[in-house]
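Readers should treat all values here as calculations from the given coordinates under stated rules, not as data from a laboratory. Quantities reported herein were computed from a predicted structural model and do not represent experimental measurements. Positions of Cβ are generated from backbone atoms using ideal geometry, with glycine treated the same way; all protein chains shown enter the neighbour counts.
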Amino acid sequence: MLTGAGHAPVRADYTARADLAAPEEATLLDLAPPAPVLRATRVSYDAADIPCAKSHETYRTDRYELRLSLT
């Protein structure tokens, strides 16, 4: 959809941090409070460096693995 609108993502900034689940999140993620979660935010940019997508995710820490390739 973004590509069709001329905004194909070419790079993204990704930020992740540890936090405690809010009560509603704990229920949705089937966790017993207080429970640790990993919160992530991703902002994608097109070739003109214009932000074209943003997402917020919350992960259970016992079911998520972060893998990075750095150059």
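With the convex hull constructed from alpha-carbon coordinates only, the chain shows a mean projected area of 6.2 nm² over all directions. Taking each residue as 0.36 nm, the span from Asp49 to Thr27 lengthens on full extension beyond its C-alpha to C-alpha distance by 4.1 nm.
Derived scalar couplings between HN and Hα for the range 32-37 equal 9, x, x, 10, x, 9 Hz in order, rounded to whole Hz, by the Karplus curve 6.51 cos²θ - 1.76 cosθ + 1.60 (θ = phi - 60°), x for Gly and Pro. Ordering 10-19, 40-49 by mean Cβ neighbour count within 10 Å, with the highest value first, yields 40-49, 10-19. Averaging the sequence gap over all C-alpha pairs within less than 8 Å and six or more residues apart, then dividing by the number of residues, gives the range 11-63 a relative contact order of 36 percent.
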